Amino acid sequence: MDGKVKEQKRHQQKHSGPKAERKKLRKQGGSTEEDDRKRNPKAFAVQSAVRMAKTFHRAQDIKAKKHHIPLVDRTPLEPPPVVIVVVGPPKVGKSTLIRCLIKNFTRQKLGDICGPVTIVSGKKRRLTFMECTNDINTMIDLAKVADLVLMLIDASFGFEMETFEFLNICQVHGFPRIMGVLTHLDSFKNNKTLRKTKKNLKHRFWTEVYQGAKLFYLSGMVYGEYQTQEVKNLGRFISVMKFRPLVWQTSHPYVLADRMEDLTDPERVRTDPKCDRTVSLYGYLRGTYLKNKGQVHIPGVGDFQVADVNFLPDPCPLPDAQKKRALNEKERLLYAPMAGVGGVVYDKDAVYIDLPANHVNQQQEEVRPTTELVQSLIDTHATLDAKIAASKVSLFSGSASLNPTDMDQQSGENEGPQEELVWDPNTQRERRKVVFAEEEEEEEEDGSGSSDDEDGDSEESDQEEQEEDEDKDFLSTFIKEARTESDARGGAPPVKKQKLEERRGEGEAGAEVPVFADSEDDLEMSEEESEEEAEAGRAGDSGHCSEEDEEESDDEGEEDDDDDEESEEDSVEEDDGAAAASESEEEEEEQGALRWKEGLQQKASEAFLRQQEAAPNLRKLVYGLVVAKDEEDEEDEEELGGLFRVSRPQKSKKFQANALDCSRFNPDTSHNWDLEEMLNSIRDCFVTGKWEEGQDAATLLKEDEELYGDFEDLETGQVHKGQTGQQDQAEQNSENDDEDDDDEAEESLVRLDDEEIQKNKRIEKKRRLKERFDAEYDDGDATYFDDLKEEMQKQAELNRAEFEDVDDETRVQYEGFRPGMYVRLEISSLPCEFVTNFDPHYPVILGGLGSSEGNVGYLQMRLKKHRWHNRILKTRDPLILSLGWRRFQTIPLYHIEDHNGRHRLLKYTPQHMHCGASIWGPITPQGTGFLAVQSVAGTKANFRIAATGVVLDLDKSVTIVKKLKLIGYPYKIFKNTSFIKGMFNTMLEVAKFEGASIRTVSGVRGQIKKALSTPPGAYRATFEDRLLMSDIVFLRSWYPVSVPQFYNPITSLLLPVGQKDSWEGMRTLGQLKHDLGIRNKPKTDSLYKPVVRAPRRFNTLHIPKELQKALPFKSKPKQQQPKGKTPRDLQRPSVIREPHERKVAALLHALSTVHNYKKKKAHTAQHAKHKEFLQQKEKQEVAKLKRQKEARKKLYRVMGQMDQKKQRSSLKGASQDN
């Protein structure tokens, strides 16, 4: 099989391009820009002061825009995974994008996206992906816990309502970071249309989010996946993104559950299937600290008391945090229990290993006999040939067992079919696909002929598949051995329990084995771990580059990572094809290159202790040749499958260092002690080496010189020289002596080291003094904002240092469970529907409640109807609110505050302004935003967000009143006093309203004075003017209205699977009438009636005589008698003409008609002639004016010339006189 392995492509260094230029500059140690600046300073001088001022002002504006109120950084050292919610309409590519991102970070393919999927994306960051369905409940819940929202938009269709609905939900609940992703761009055939669509969508997206919001473009799909480079750019941007803490999230603990277990007694469930369940929910704690026995709210279920909280080992730890790797590296990089992925599952007292079905060949039975013979007969499921083929042979005691498959694999004969699980989307099930080795090789050869861009991916995928097969083989052998061991003890195979303490104890017992392992399990575990380390090394590089090349590539990767963090804004939309590998690839490279170096000292000491405690192998002690022979056959052992395989306590196969005993010491060929570097590496281990600062050999020698230097014996007068003086004297006496030369060299070396140390101390002291001086006398560029940030930074450091050295068990008792822990919450009395109707596609969130947030009371809010909602809201219509963690239905009363402070009830919400709202609901802190929807059932065509607002007050201080008009009628009218009846019923009611202002329909104002004895309810009132009996008097009063105490939590998670988006609560009055077919009967008084007005007789106007005298004649009444009928004798009789007279009259009429026509025609002709005459005259007038103008010009010109002559002559005369 070794001869058929395809040779990996060698690493090729870049000789040109920006990266190569940066590399050359880094090697040279300088930058060309600084050299140019020094060589030609005038070229870099200020060219325009105005332009420089504008640039400076713009830079300051941009800097000031980034300022925000500093908050204390309460993020833990190991933060929880970042919650990334992928949102979008149906069929826009949400699941595909999540799969591509998971493949980008972990190189694994995920079938169905169920529940949260947690992956490790970098050294310090983990990501949790969650897909958001089109259900409004899911949108609301995920918007409250999201740190980053990937908003997918179908570019070929444009924006859909779901996008804007989710944006409005995010705006209300804290607005996390939002990034848009455009898909279906490959449907555009015209490039110009594509650019125009991109621009329009981008500007509209900026309008909704903020100017400059990131919008990614996924240009197309290749084999059902997005392009690798685009997904890689998106992943790199996600990996370095910074998040702003949101107020609600940082002030409340919450858990996005990624696993659910039903802990109810099965017997109780059998007897009463509808009983309340005890459930444990698992997930990462986020937000703030969580106290045990606290109260939590599960959106869609209700409020519950936490029975118990425990923290568990992190199932998806960061690379630098994990102590030991017991499982495959890939399984640790991906954790999605609801999707059936994630190697290990931790419980309160056990650890479960989740294996695919093809690894487990034994079926577990409930009742098994304890006799080994009967048990083996029952377990027989294969023929004798298959058993012999699967049997193992151990040639020596303690050596590794051999099986035919190992021999076939190493000799290259195992070319049979292999099994691979493939998810079939058509049948919605997992299918077992047969994969042949020849087909894989052909596919590899075919893939090598593809484009250069796909080469790296194909090689990595082949390598990943090979590693995955090896991991499966190792894991299956480990499970088989564990089962055979348990069967040998006489018990049934483990169903699910493997205690953590027992496993630790067994691990310690196995670790004490000195030279050979007690069982083959230990051998296989050590081989598995070593294989994992080898795979981690192979995952990052191709294996053909030299050590220098690896260092250079690591440097380039780190530089690219730093560039990404510094300029995260610029590195996204630029599609740099020559960019370095992503952060995950860098980590794989570093793991492969550096992971074996971790804890070398600890491994060596453990190996030494195990070797010393073990019983010595006398054969090896006596016959040293055995060891030498074993060493000579090491290569043959590995090739033949471990025929003489020796158990090594260390995890590496290629390197062994048992102990310091010379009889068992294997010469280490990797260290060449003739090299100066190897000598320098252990130079400080000796007396003359460089120890700690106070115990350095040179420092101690110098102190001895100061204490016991040159001195003179006062009695004898003899001068005693110190060591240095004696050496100087010896050097002068014997300069050519070799030993003295060596001593002098050593002494000079010590002296140089001492001088360098003293110099560094002086430099450090000067630097500290300078910093102290600057801090006292120089304010620098520090601003108030910088001081605030420094203060918050100090507070954050103080918070971290408080419990830094305390173990987790003690810290939890003092401060509670801190964010970032993987916790297990046990909740009792959950409805049984939560377990029976559980759907992993819907998020389960446990939101912690404050001390008073579990109570229900009156809430005062400020509310505004959304401008896109097509109907106004009516008072007393039930409304669904999302407030805090909760979603509930309540009955609001809308009101508005008048100028006098009165809160007047409104029947409907105003169109484009805020109004007040009072509800009965859960107590929520002031300033918390909320949104309202009228229905959460299904998807409607219009905009679903009905209103938004904020909580103002938490008490019943606001009294809402509505207008009430009381009507009465006058029954006795005096001058300005009237008696009114019909408004009240008793004297007591009148007494309550004494002094109230009243008015009539015609506008006459009045006041209630006193009640009358009869009739009951009548009263005396005074008015501005005398009333009429037809007037109607009314009293305008205000009546207090009580808020309905209605609070109905939405229990959408309790509905059956497939119906969770069909929750319906109380219906509105209009819906009830529509459903029941009730038509609203109007009041008869409200109907329009025909107005019948009787004709009114007005009296004659009477004007006094005195007033008539003062009036002008025009306004005086005329004393004229009305004309009567003409007397009969004065009436003129009618004339009847004779026929001849009629003919004469007709002739005259015809002649007059002709004459009038001729006259009219002559008049028209005369008018036209006159008009023409006027036009001619006007022309003549214009010509005349023109001639006059020319004559005046000529005259003025002659007059001007004459004046000039006069002036000249006068000037000449004046000059002659002079």
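The values are calculated or read from the model by the stated rules, or taken from the named source; none is laboratory data. It should be emphasised that the depicted structure is a prediction, and the values quoted were computed from it without experimental measurement. Every residue, glycine among them, receives a Cβ derived from its backbone with ideal geometry; neighbour counts consider all protein chains shown. To get the accessible areas, we keep the full protein, side chains included, count just its heavy atoms, and leave off ligands, DNA and RNA. Shrake-Rupley method; radii C 1.70, N 1.55, O 1.52, S 1.80 Å.
Here the simple spin-label model places points 7 Å from the Cα toward Cβ, and for V46 and Q108 these points are separated by 6.0 nm. For the pair L1130 and R1093, label points projected 7 Å from Cα toward Cβ lie 3.9 nm apart.
The accessible surface of the range 1083-1122, taken with every protein chain in place and a 1.4 Å probe, is 56 percent carbon and sulfur. Along the range 1034-1050 the Karplus relation, 6.51 cos²θ - 1.76 cosθ + 1.60 evaluated at θ = phi - 60°, assigns HN-Hα couplings of 9, 10, 9, 10, 10, 10, x, 10, 9, 7, x, 8, 10, 9, 10, x, 7 Hz to successive residues, with x for each Gly and Pro. Distance between the 7 Å Cα→Cβ label points at H15 and F1113: 12.4 nm. Take the Cβ atoms of V961 and K1083, set R0 to 22 Å, and the FRET efficiency comes out at 0.40.
Amide H contacts of V83: T128, D147, L148, each under 5 Å away and 5 or more positions distant or on a separate chain (H built 1.01 Å from N in the peptide plane; Pro and chain starts excluded).
Rolling a 1.4 Å probe across all protein chains gives C114 an accessible area of roughly 10 Å². Computed about its Cα centre, the charge dipole of the range 263-313 is approximately 140 debye, with only Lys, Arg, Asp and Glu carrying charge at their Cβ.
Separation of the alpha carbons by more than 23 angstrom is noted, of K874/K963; K19/K199; K865/K907; K907/K956, for K19/K199.
Shown is the FRET efficiency for D808 and K123, computed with R0 = 22 Å from the Cβ-Cβ distance and rounded to the nearest 0.05: 0.50. Consider a paramagnetic label point 7 Å from the Cα of L1185 along Cα→Cβ; state which residues of the range 1160-1176 have an amide N under 15 Å from it. Only 1175-1176 fall inside the zone, counting backbone N under 15 Å. Per-residue packing, averaged as other Cβ atoms within 10 Å, sorts the ranges 764-772, 277-285 into the order 277-285, 764-772, beginning with the highest. How much of the calculated P(r) for the range 206-254 lies past 15 Å, in percent of all Cα pairs? The proportion of pairs with Cα distances above 15 Å equals 66 percent.
With all protein chains kept in place, the per residue accessible area of the range 957-1109 amounts to 76 square angstrom at a probe of 1.4 angstrom. Taking all protein chains together, D774, D1075 sort by accessible area into D1075, D774, largest first [probe 1.4 Å]. Computed extension gain for Y971 through D953, at 0.36 nm per residue and net of the alpha carbon distance, reaches 1.5 nm. Here the peptides 180-189, 884-893 are ranked by packing, the mean other Cβ count within 10 Å, and the order with the highest first is 884-893, 180-189.
Taking a point 7 Å out from the Cα of N1156 in the direction of its Cβ, the residues of the range 1128-1146 whose backbone N falls within less than 15 Å of it are 1146. Using the 1.4 Å probe convention, the accessible area of the range 192-260 works out to 48 Å² per residue with neighbouring protein chains retained. As a rough guide to protection, the peptides 1125-1133, 796-804, 815-823 ranked by mean Cβ packing within 10 Å, highest first, stand as 815-823, 796-804, 1125-1133. Over 29 Å between Cα atoms, which of K864/K1083; K109/K189; K965/K1089; K124/K214 qualify? Going by Cα-Cα distance, K864/K1083; K109/K189 fall outside the 29 Å limit. Largest to smallest in accessible area, the residues D839, D36 fall in the order D36, D839 (1.4 Å probe, all protein chains included). Note on Q1175 and I62: the extension gain reaches 393.3 nm, defined as 0.36 nm multiplied by sequence separation minus the Cα-Cα distance.
The spread of Cα positions in the range 912-973, taken along each principal axis and listed from longest to shortest, comes to 63, 34, 22 Å. For K794 and D753, the difference between the fully extended length at 0.36 nm per residue and the C-alpha to C-alpha distance is 10.9 nm.
The residues D154, D953, sorted by heavy-atom accessible surface at 1.4 Å with ligands and nucleic acids left out, run D953, D154 from largest to smallest. The residues of the range 785-921 present an accessible area of 47 Å² per residue when probed at 1.4 Å with all protein chains retained.
Note on R1020 and K1073: with the Förster distance fixed at 51 Å, the Cβ-Cβ geometry gives a FRET efficiency of about 0.65.
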